[in-house]
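I have placed the structure first, in the form of structure tokens, so that the comments after it can refer back to it.
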Amino acid sequence: MKKVISLDIGGTNTRVALINEKYKIEKVVINPTLLGNKDAFLSSVGATIDQCVGKDFKDVVAIAGGLPGRINMSGHIDALPNIGIEDVDLAEYLHKRFGLKTYIANDASVAALSEANVGPHKKYKSLYFITVSTGVGGALCIDGKLRRHSDEIGHTLFCSGHGNYHEFEHMVSGTYLPRLGKEDGIEVASAFDFFVGVKNKIDSLMPTYWNWLDLFARFIKSIQDAFQPEVFVLTGGVMKSADVFWDDLRQRCPESNLQKCHFSQEAGLIGAAVYGFQNA
């Protein structure tokens, strides 16, 4: 059975899995991501692959992975801000080290492929994937394939409720939600504390909550108007608080089919495998 070595690399952990063509994870190894040093980073990714696969590369047809940063169409990494390195040719390094075709893309784009090709959402012809966590990422899939328009959708400028323009993720993501609260004159310690407070209906938090929801709904509407996806699939750290806001968000997006991500934490690994099999 054909297999892909799948990489899901973030600012905290490097996850490597061996995944077969039925999209079953046969083995996974997780190591800390080495930050701030390009050579050490490359070597550590290679070493984690060695740990996962050993010396038996039989039936492995490709290496594929997703990373959080600016990655061009050829797979060359322009910058990985969360890892603290730039101008990284990970694909070439791994190809030379292991002799396998290697495909690298933005992590949100790769994760989108998992939902568009495996699991309950593959029935839709067009799917838009949104992840809201430290930042905001998104990707469009049509007929199970990526349609590249922007891997950095979270950097789109939006007007806050007070007339100030910020990048969307700098108001709505888990990291930056306190900024939105500051504009409303309240102190928000963290996104988690904010949603706990909203769940407990703390009056001082509610104006910021409604503002956050309206921004999120406007963001979704802008994508709906531009691409008309049959389904939106949402994931990320903020979705851990979906029990607080999910119904309210769906009510504000009556033209959009909002669904929760099926694969959750495994979306990156499964999606990378899809990317590898599609390109191998």
Tilt, helix 38-53 to longest principal axis of the chain (alpha-carbon atoms), in degrees rounded to tens, equals 70 degrees
Taking R0 as 25 Å, what's the FRET efficiency between Asn20 and Arg147 from their Cβ-Cβ distance, rounded to 0.05?
0.40
Over all pairs of different Cα atoms in region 16-80, the reciprocal of the mean inverse distance gives a Kirkwood radius in Å of 13.4 Å
Specify the angular offset, from 0 to 90 degrees and rounded to the nearest 10, of the alpha carbon long axis of helix 267-279 from the longest principal axis of the alpha carbons in the chain.
50 degrees
Just subtract the alpha-carbon distance of Leu35 and Lys182 from 0.36 nm times their residue separation and send over the number in nm, one decimal.
49.8 nm
What does the convex hull of the Cα atoms of region 121-216 come to per residue, in Å³, rounded to a whole number?
105 Å³
Enter the accessible area per residue of the chain (Å², integer; probe 1.4 Å; all protein chains in place).
45 Å²
Quick one, which of [x] 19; [y] 28; [z] 42 is the actual percent of Cα pairs over 35 Å apart calculated for this model?
[x]
Calculate, in nm to one decimal, what His76 and Asn200 gain on full extension: separation in residues at 0.36 nm each, minus their alpha carbon distance.
40.0 nm
Report ³J(HN,Hα) in whole Hz for each residue of region 205-214, in order, from the Karplus equation J = 6.51 cos²θ - 1.76 cosθ + 1.60 where θ = phi - 60°; Gly and Pro get x.
8, 5, x, 5, 4, 5, 5, 4, 4, 5
Measuring from label point to label point, each 7 Å out along Cα→Cβ, what is the Glu255 to Lys122 span in nm?
3.1 nm
Greater than 28 Å apart at Cα, pairs in Lys55/Lys123; Lys201/Lys240; Lys22/Lys260; Lys22/Lys123; Lys22/Lys125
Lys55/Lys123
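The values are calculated or read from the model by the stated rules, or taken from the named source; none is laboratory data. Since we're looking at a predicted model, the values are computed, not measured. Don't worry about glycine lacking a Cβ; one is built from the backbone with ideal geometry, like all the others, and counts go over all protein chains shown. In case anyone asks, the SASA skips ligands and DNA or RNA and just uses the protein heavy atoms, side chains included. Shrake-Rupley method; radii C 1.70, N 1.55, O 1.52, S 1.80 Å.
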